[in-house]
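Each remark here refers to the structure printed beneath this line.
The values are calculated or read from the model by the stated rules, or taken from the named source; none is laboratory data. Everything numeric in this text was worked out from a predicted model, so none of it was measured. Backbone-built Cβ (ideal geometry, glycine too); neighbour counts: all protein chains shown. Ligands, DNA and RNA are stripped out before the accessible areas are found, and what is left, the full protein with its side chains, is counted by its heavy atoms. Shrake-Rupley method; radii C 1.70, N 1.55, O 1.52, S 1.80 Å.
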Amino acid sequence: MSDIRIGTSGWSYPSGNGTWNGIFYPVPPGRRSGRGGAFDELRYYAEHFDTVEINSTFYGVPAPATARGWAERTPPGFEFSLKLFQKFTHPGMFLKATGKDPWNLGQDDVDEFRAAIDPLASAGKLGALLAQFPASFKNEPDSRAYLAWLLERFQDYPVALELRHRSWSDQPLETLQLLAAFGAAWAQIDEPKFRLSIRQTLLPNVRTFYYLRLHGRNAAQWWGHDKSEDRYNYLYSAEELHPFVEAAREASREVKKAYLYANNHFSAKSVANAAILKHDLGQPLPGKYPQEFVDRYPDLKGLVKVLPDPLLRTPS
């Protein structure tokens, strides 16, 4: 089978009811009290997984120095997949967030994003770029023309396209032809299904790579929630994960590399599900986990190593 990489969508969730601190991260007392601290979440995360999907690049184009720091803080062979900046995919959200015109999008924006991620590419640590579009993005002539423009601008990279409106899967051949023209992967997604939600097969569409995202199935809070994190408050059962294990196995026979990311990040549920996926695919589970994490997600008991108590405290 080809290289299957499993990780989570994001690694830093320091606040809110769904924080990872004290669950997956054994946060030092100084950090918990707000006095800062030397605990490095990314280094700790990279002890457990060999890839991560970065969501922060959706909200702002990182400085090249930031991307260089990501590369330096992770071991050889670690890979980052990055979500494209929202100006490329969510113009309405960009306008609301910045007050700037999203329709002046051009080559300068492309060059800025490419320069930002170049340190990862140069270090051999760039996985794929994720272009995630909103559920309102429909299969229409203008949309297809824009996708062709976008995919052409980033065709030097592996690009995964996340489409969520059903009109794209209602005309699958048209969508597949567009993606094939630029070697882009059709990102397979699991999320609550509504009348206009996209329908997918979990099958790869290109030979180069496969991209699967698990958003959770919290239908009750998908559109109506107090905080955005509530949408991702869902833990997949072992039975629910089984089809994705099989999909990854099948895809790995056809592609060079497969990426699986769990985005149900509330209280590190994505970490628990990513660890189960690794185990079910016969991959080792490196690193050690806090006892609190195993107590909260007992399916991992006996599968992962547990941190000894002294490591939960800051050395004096």
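Some points to look at:
- Calculated accessible area for the chain comes out at 46 Å² per residue, all protein chains present (probe 1.4 Å; ligands, DNA, RNA ignored).
- Three-way shape call for region 205-316 based on the alpha-carbon gyration tensor, with the a/c threshold at 1.5: oblate
- Estimated at 0.36 nm per residue, the fully extended path between N17 and D309 surpasses their Cα-Cα distance by 102.7 nm.
- Crossing angle, helix 141-153 versus the chain [Cα axis fit, 0-90 degrees, rounded to tens]: 60
- Residues whose placed amide H lies under 5 Å from that of V159, excluding near-sequence neighbours: L129, A185
- Derived scalar couplings ³J(HN,Hα) [region 86-94; Karplus, 6.51 cos²θ - 1.76 cosθ + 1.60; whole Hz; x for Gly, Pro]: 4, 4, 6, 10, 10, x, x, 5, 4
- The phi-based Karplus calculation (6.51 cos²θ - 1.76 cosθ + 1.60; θ = phi - 60°) puts the 3J(HN,Hα) values of region 16-25 at x, 5, x, 4, 8, 5, x, 10, 8, 8 Hz, whole numbers, x for Gly and Pro.
- Simple label model, 7 Å out from Cα along Cβ direction - L196 to S167, nm: 0.9
- Put a dot 7 Å past the Cα of R253, heading toward its Cβ, do the same for T66, and the two dots end up 4.2 nm apart.
- Think of the chain as a dipole: +1 on every Lys or Arg Cβ, -1 on every Asp or Glu Cβ, centred on the Cα centre; then among Y289, L212, F244, Y289 lies furthest on the positive end.
- The chymotrypsin sites (Phe, Trp or Tyr not before Pro) of region 176-211 that DSSP puts in a loop, and whose beta carbon has at most 16 other beta carbons within 10 Å, are F194.
- Placing unit charges on each Cβ (+1 for Lys and Arg, -1 for Asp and Glu) gives the chain a dipole about its Cα centre, and among F78, V255, N233 the Cα reaching farthest toward its positive end belongs to N233.
- Carbon + sulfur, % of accessible area of the chain - ligands and nucleic acids excluded, 1.4 Å: 52
- Region 140-260 shape via C-alpha gyration tensor axes, a/c threshold 1.5: oblate
- Whole-angstrom gap from region 1-15 to region 158-174, using each part's C-alpha centre: 23
- Using the Cβ of K138 as centre and a radius below 12 Å, the other residues enclosed give a net charge of 0, where K and R count +1 and D and E count -1.
- Note on the chain: antiparallel DSSP beta bridges, both residues inside, total approximately 5 percent of the bridges counted.
- Two-decimal Rg to Rh for the chain - Kirkwood Rh, Cα set: 0.95
- Hypothetical label at A115: residues of region 62-87 whose amide nitrogen lies under 16 Å (7 Å Cα-Cβ projection): 62-68
- Within the chain: Cβ-based charge dipole about Cα centre, in debye rounded to nearest 20 (Lys, Arg +1; Asp, Glu -1): 460
- For A258, residues with placed amide H under 5 Å, excluding near neighbours: D3, I4, R5, Y210
- If only the Cβ of Lys and Arg carry +1 and only the Cβ of Asp and Glu carry -1, the dipole of region 69-119 around its Cα centre is close to 280 debye.
- Nearest-0.05 FRET efficiency for D3 and L176, computed from C-beta distance (R0 30 Å): 0.80
- Alpha carbon centroid spacing (whole Å) that separates region 40-84 from region 202-261: 20
- Taking trypsin sites (Lys or Arg not before Pro) across region 151-190, none is in a DSSP loop with at most 12 further Cβ atoms lying within 10 angstrom of its Cβ.
- Degrees, to the nearest 10: 172-182 long Cα axis against longest axis of the chain: 80
- Pairwise label distance in nanometres, A145 with D295, each label 7 Å out on the Cα-Cβ vector: 6.0
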